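Chemist: Got a structure for you, questions after.
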Amino acid sequence: MNGSPLEAVIGLEVHVQLDTGRKLFCADSTAFGAPPNTSVCPVCLGLPGALPVLDPGAVDLALRAALALDCTIHRTSIFARKNYFYPDLPKGYQISQFERPLATGGVVELDSGRRVRIRRVHMEEDAGKSLHDRFASATAVDLNRTGTPLIEIVSEPDLRSPREARSCLQLLKLLMEYLEISDCNMEEGSLRVDANVSLREKGSERLEASTEVKNLNSFSAVEKALGVEIERQTRIRAGGAAVIRQTLLWDAAAGDVRVMRNKEDSQDYRYFPDPDLPPLVLPAQRVARLRAGLGELPRAKRERFRRQYDLPAYDAGVLTSSRALADYFEAVTACGRQPKTVSNWVMGPVLKIVKRGIGHLASPGLAPARLAELIALVDGGTLSAPAARTVLAGMARTGDPPAAIVQREGLTQVREDQVLEGWVADAVAAHQREVARYRGGETRLLGFLIGQVMRASGRKADPRRVNQLLRAALDADAD
Amino acid sequence: MRENSNGVAARAAEVRNGQLAPDSMVAEALEALGAWEFGASPLNAFIALDQRAGRERGPRDGALAGIPVAVKDNLATADFPTTCGSRILQGFRSPYEATAVRRLRRAGAVVLGKTNMDEFGMGSSTENSAFGPTRNPWHPERVPGGSSGGSAAAVAAGIVPVAVGSDTGGSVRQPASFCGVVGIKPTYGRVSRYGLVAFASSLDQVGALGRTVRDAAALLEVVSGRDPRDATSVNRPVPPLAAACDRGVRGLVVGVPREYFPPRLDPVVRRLAERALSALEAAGAEVRDVSLPHTRYAIPAYYIIAPAEASSNLARYDGVRFGRRCGEADSTERLYELSRSEGFGTEVKRRILLGTYALSAGYYDAYYGRAQEARAVIAHDFERVFRDGVDVLFTPTSPTPAFRLGERIHDPYQMYLSDIFTVPANLAGVPALSVPIGLAEGLPVGGQLMAAHWREDTLLTAAAAIEAELGTVGPPPVPAAGRAI
């Protein structure tokens, strides 16, 4: 083998659960974790005579996704039946879209600048779950998931490495989360990924036989599985053999792929238009309204944040990961605070409070104006940064304005040298060993000593001044 | 009001104002049923029966107050099994009720029982039933037609004044014709299909059978109207159907499509059809020859589209969740295979195979695709004649009167041809009706009327005129050996 180097050709098929809270063709809940077979009705059970009725809310979310991916929305799309027998498929067919999908011809641009074309976005219902591990010698079927609304996003094979596939998926996830289309919880299956992969000589435009890798349940699984599969195909070709079209299953525990079936014996799904559902016709006004409602998409917003607020790329990325967070940041900044300072506060203490469940972005105590007031107290020297974090938690908990909490708790910053020098002297006296090591060259112990002073002050000391005084004390007494 | 004192509207009114005991009509019905079903050659019109139907106390209200109704066994009912005449659903009880049945009950009707039918609606003689064939009340050796043969026979025998059927390719009209009663297949989308067990979803429509045009109209009016549970039901106001029966045909343009009067048409059927046309003319209608040139594609198109949809609709009967399950299976595939082999009858299997083939990769365009094109040109034929000023079309309902039990059961093609005149209305989605036009050697013959979409009122106007001119047929004599139940 001394031909040109090989390159990977990768396409993704991503299933995204739409966050409507209800099923696509009946009103049952799609909440995760309900007891088996309780979120069901005649329609999703496929009982004789029951009929599907399309949820317009799901169509709206699917349209938002397609618009965000820059797709052409088709005025008329058609639901089709995909026929196959499986115990967790109650009707013996899945309602999907086939020849005439909701949208086609979109594109997403990766951070690397790679443009990945989106072949299509279509709507479909999920199947139930077959549980093979509940009973020793039988398969159990849970139909709660049956009829859950999904979109399938199919990319063209425009990705060239596992790393790129991962970034593409991350981008799609961010977009779906940002637009509140899906919570994209991969563990609960609300974002599922299959990947098609083949190898070809670099520069060739030929499409070689590809394999499909399924069961990619995390970002790292996508990257790892594709890496393993590319190696496997490389070995096959190196041995002079040809890759055959197969469906493979990623086994995360074994770190390997195994063959599920050969594509040649793939089933004939006998697709045909579902006669129970009239064609989905989308008036231009409806599409225009949804397009207008999309607003600024995360990528554009991130670029704007970098430019307008002069933020580092990392900050801009975090702040634009959700619309709520981005809006919050901008509202605080609009109260006149310096953007980078606001960014530090939002990404740090505020998100920590949200993550711990002490408050959320809409809590009255965390209102943008309140956070701006708090930052102003720090900027003005009234409050030390560590004390301010305590105040912020209090704001989230009680809803009180920062000034009131500062007063109540007596947290006004202490900046008088007399008082500060007392605490510094105490700290130096109490930690002679560390002082000696500091003087011996371990300057990083300064932080430890500052911490001791802050603790002694009840976090009220002005850390900048403490720093100065402590250095002075340590250097002066050195012989 | 014309000779209408025995009609369901008048009798329901008597129940509402207290002149008639709420359960008296149900009692009469059960008495008639005993006479017909427990004699020497029982009709076998019912699969399930409620002998205590309507006995609950209390006043009854609604347009069908106290009226006993028979319901085809492919409509979901909570208090009877729903079997579709199939072994695969033997004993199956639906946890919910069809919209049409709920509307009947809301209108005060009493569901007396579920009627026999060709399995899943596939047949034209009610011989393809796991519960044995139904007989024609006019002749014990003749079929009642199908697939709504049980409903037609129950009405013809005078057990119930009205019954609910379903019509996919003529399954209400052809048995109405064979049994000498009125049968209406409304416009596709007029009546909710929610709870109607699907055979061919794009063709299926719930229909009404009655002893008279007015009775059938009264039933249709109750079950019609948009249902949010059926995306194919349409929000169109239901015209006042009773009033339509009194309108008269003066000035009405009746088209006679020549494709429906082929040379081989049974001469007695032809003569009775011509007599009905003369009657319409005598009543003031204008009769005009017209052409529906693509009629010959109807049967081939139908026998692609209906089986294709059926092959998918019937996939759910797999033994996994409900209905018959073969207990011997050692794998999932074997479970499907055995449950379906044992559960379905010959004609159903034939159509599943036909439909599966027609939808298969490589054949789809040649069969299903072409059939849809044929369907479109057939629909266009109808649009054209109605646009050109024809109000209603008149044809025979079926080429012959009721044939003998067993005569066509082994010859599917001959069986399919008995629907040759009824299938086009289903393909086009237009409303159609069969009304008795006389007897041929003691067997009823029906005439078919077809109108533009949503013009059931025109059908009823023309049918009421034929009924007024020619009279109803029957009822057939009650067999002597019956006993009360």
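Chemist: Taking the range A:296-409 on its own, what percent of its Cα-Cα pair distances exceed 16 Å?
Modeler: Cα-Cα pairs of the range A:296-409 separated by over 16 Å account for 55 percent.
Chemist: Can you give the relative contact order of the range A:393-464 as a percent, counting alpha carbon pairs under 8 Å and 6+ residues apart?
Modeler: Answer for the range A:393-464 is 33 percent.
Chemist: Hey, what number do you get for chain A at 222 nm if only DSSP H runs of n ≥ 4 count, each worth -39500 (n - 2.57), divided across all residues, to the nearest 500?
Modeler: Computed ellipticity for chain A at 222 nm equals -12000 deg cm²/dmol.
Chemist: Sum -39500 (n - 2.57) across every DSSP H segment of at least 4 residues in chain B, then divide by the residue count to get the 222 nm mean residue ellipticity, nearest 500.
Modeler: Taken over chain B, the calculation gives -10000 deg cm²/dmol.
Chemist: Under unit Cβ charges (Lys, Arg +1; Asp, Glu -1), what dipole magnitude, rounded to 20 debye, does chain B have relative to its Cα centre?
Modeler: With only Lys, Arg, Asp and Glu charged at Cβ, the dipole is about 560 debye.
Chemist: For the range A:417-478, give the percent of accessible area contributed by carbon and sulfur heavy atoms, probe 1.4 Å, rounded to a whole number.
Modeler: Carbon-and-sulfur percentage of accessible area, whole number: 47.
Chemist: Oh, and also: Compute the separation of the alpha-carbon centres of the range A:13-57 and the range B:382-417 and state it in Å as a whole number.
Modeler: Each part's Cα centre sits 42 Å from the other's.
Chemist: For the range A:296-409, what is the accessible area per residue in Å², given a 1.4 Å probe and the full set of protein chains?
Modeler: Ligands and nucleic acids excluded, the result is 46 Å² per residue.
Chemist: While we're on this one: Using a 10 Å cut-off on Cβ to Cβ distances, tally the other chain neighbours for every residue of A:269-281 and report the average as a whole number.
Modeler: 5
Chemist: Can you list the residues of the range B:190-227 that have at least 20 square angstrom less accessible area with all protein chains present than in their chain by itself, probe 1.4 Å?
Modeler: B:Arg193, B:Tyr194, B:Val197, B:Ser201
Chemist: Report, in debye and to the nearest 20, how large the dipole of the range A:6-286 comes out about its Cα centre when Lys and Arg carry +1 and Asp and Glu carry -1 on their Cβ.
Modeler: Magnitude of the dipole: close to 520 debye.
Chemist: Place +1 on the Cβ of every Lys and Arg and -1 on the Cβ of every Asp and Glu in the range A:69-196, take the dipole about the Cα centre, and give the residue among A:Ala138, A:Leu102, A:Ser190 whose Cα lies farthest towards its positive end.
Modeler: A:Leu102
Chemist: Once label points are set 7 Å from the Cα along Cα→Cβ at both A:Arg160 and B:Ala27, what is their separation, rounded to one decimal in nm?
Modeler: Taking the simple label geometry, A:Arg160 and B:Ala27 are separated by 9.1 nm.
Chemist: Averaged over its residues, how many other protein chain Cβ atoms are within 10 Å of peptide B:313-320's Cβ atoms?
Modeler: 6
Chemist: Mind checking the range A:416-479 for chymotrypsin sites (Phe, Trp or Tyr not before Pro) that DSSP puts in a loop (not H, G, I, E or B) and that have at most 11 other Cβ atoms within 10 Å? Show your work: numbers first, answer last.
Modeler: Values: sites: A:Trp423, A:Tyr438, A:Phe448; in loops: none.
Here no loop site has a sparse enough neighbourhood.
Chemist: List the residues, sorted by chain then number, that are 5 or more residues from A:Ile118 or on another chain and whose placed amide H is less than 5 Å from its amide H.
Modeler: A:Gly106, A:Val107, A:Val108, A:Glu156
Chemist: Another question, then. Can you tell me the dipole magnitude for the range B:192-294 around its Cα centre, using point charges on the Cβ only (Lys, Arg +1; Asp, Glu -1), in Debye to the nearest 20?
Modeler: So the magnitude is around 60 debye.
Chemist: While we're on this one: Where does each of A:Arg370, B:Arg190 land when they are ordered by accessible area, with a 1.4 Å probe and the largest first?
Modeler: A:Arg370, B:Arg190
Chemist: Under 8 Å for C-alpha pairs, at least 6 residues apart: give me the relative contact order for chain A, rounded to a whole percent.
Modeler: The value is 13 percent.
Chemist: So how far, in whole Å, is the C-alpha centre of the range B:67-99 from the one of the range A:410-467?
Modeler: Measuring centre to centre over Cα atoms gives 85 Å.
Chemist: With a/c under 1.5 counting as rounded, go ahead and sort the range A:218-263 into rounded, prolate or oblate using the C-alpha gyration tensor (a ≥ b ≥ c being the square roots of the eigenvalues; past the cut-off, prolate if a/b is larger than b/c, else oblate).
Modeler: It is oblate, given that a/c is not under 1.5 and a/b is not larger than b/c.
Chemist: Note the buried accessible area between A and B here, summed over both chains, with a 1.4 Å probe, in Å² to the nearest 100.
Modeler: The buried area between A and B, both sides summed, comes to about 2700 Å².
Chemist: Another one. Using Cα pairs closer than 8 Å and at least 6 residues apart in sequence, work out the relative contact order for the range A:19-73, in percent. Working shown, then result.
Modeler: On the way: 42 pairs, mean separation 18.1, N = 55.
Reported relative contact order: 33 percent.
Chemist: Further question on the same structure: Can you give me the distance in nm between label points at A:Ala331 and A:Ala27, each placed 7 Å from the Cα along the Cα-to-Cβ direction?
Modeler: Here the modelled spin labels are 3.3 nm apart.
Chemist: While we're here: Given A:Ile181, A:Gln170, A:Ile151, which one lies farthest toward the positive end of the charge dipole of the range A:147-193, if we put +1 on the Cβ of every Lys and Arg and -1 on the Cβ of every Asp and Glu?
Modeler: About the Cα centre, the residue reaching furthest to the positive side is A:Gln170.
Chemist: Given 20 °C and 1.002 mPa s, compute D for chain A with the Stokes-Einstein relation, Rh being the Kirkwood radius over Cα pairs; round to the nearest whole µm²/s.
Modeler: Diffusion coefficient, whole number: 80 µm²/s.
Chemist: Ok, one more. Taking the highest mean first, how do the peptides A:306-312, A:454-460 order by number of other beta carbon atoms within 10 angstrom per residue?
Modeler: Output ranking for A:306-312, A:454-460: A:454-460, A:306-312.
Chemist: Rg and Dmax of the range A:363-479 over Cα atoms: what are they, in angstrom?
Modeler: Calculated on Cα positions, Rg and Dmax stand at 16.4, 55 Å.
Chemist: Moving to a separate point now. Would you work out which of A:Pro401, A:Phe448, A:Leu420 lies farthest towards the positive end of the dipole of the range A:359-454? Charges go on Cβ: Lys and Arg +1, Asp and Glu -1.
Modeler: Of the candidates, A:Phe448 comes out farthest on the positive side.
Chemist: Sticking with this structure for a sec: Per residue, how much accessible area does the range A:417-478 show when a 1.4 Å probe rolls over the protein heavy atoms, in square angstrom?
Modeler: Dividing the accessible area of the range A:417-478 by its residue count gives 58 Å².
Chemist: Step through the residues of the range B:86-91 one at a time and calculate ³J(HN,Hα) from phi using the Karplus curve (6.51 cos²θ - 1.76 cosθ + 1.60, θ = phi - 60°), rounding each to whole Hz and writing x for Gly and Pro.
Modeler: 10, 5, 5, 10, 4, x
Chemist: Explain nothing, just compute: Karplus ³J(HN,Hα) = 6.51 cos²θ - 1.76 cosθ + 1.60, θ = phi - 60°, for every residue of the range B:11-21 in order, whole Hz, x for Gly and Pro.
Modeler: 6, 5, 4, 4, 5, 4, 9, x, 6, 10, 4
Chemist: Which order do the peptides A:403-414, A:269-280 come out in when sorted by mean C-beta neighbours inside 10 angstrom, highest first? Walk me through the numbers on the way to the answer.
Modeler: Details: A:403-414: 16.7, A:269-280: 19.9.
Final packing ranking: A:269-280, A:403-414.
Chemist: Moving on to the next point. Amide H neighbours of B:Arg226 under 5 Å, counting only residues 5+ apart in sequence or on other chains, H built in-plane at 1.01 Å?
Modeler: HN-HN under 5 Å from B:Arg226: B:Arg236.
Chemist: When ranked by the protection proxy of mean other Cβ atoms within 10 Å per residue, highest first, what sequence do the peptides A:151-157, A:427-433 form? Each step should come with its number before you reach the end.
Modeler: Working: A:151-157: 22.0, A:427-433: 13.9.
Ranked by mean Cβ neighbours within 10 Å, highest first: A:151-157, A:427-433.
Chemist: Which parts of the range B:350-396, residue by residue, lose 40 Å² or more of accessible area when the rest of the protein chains are there, as against the chain isolated (1.4 Å probe)?
Modeler: The answer is B:Leu359, B:Tyr364.
Chemist: Here's a follow-up. Where in the range A:69-92 does accessible area fall by at least 30 Å² between the isolated chain and the complete protein assembly, at a 1.4 Å probe radius?
Modeler: Residues shielded by partner chains are A:Arg81, A:Phe85, A:Pro87, A:Pro90, A:Lys91.
Chemist: Between the range B:147-161 and the range A:323-367, what's the alpha-carbon centroid distance in Å?
Modeler: Each part's Cα centre sits 74 Å from the other's.
Chemist: Please compute, for peptide B:88-98, the average count of beta-carbon atoms on other protein chains lying within 10 Å of each residue's beta-carbon.
Modeler: That works out to 2 on average.
The values are calculated or read from the model by the stated rules, or taken from the named source; none is laboratory data. These numbers come from a predicted model, not from an experiment. Note: ideal-geometry Cβ built from the backbone for every residue, glycine included; neighbour counts use all protein chains shown. Ligands, DNA and RNA are stripped out before the accessible areas are found, and what is left, the full protein with its side chains, is counted by its heavy atoms. Shrake-Rupley method; radii C 1.70, N 1.55, O 1.52, S 1.80 Å.
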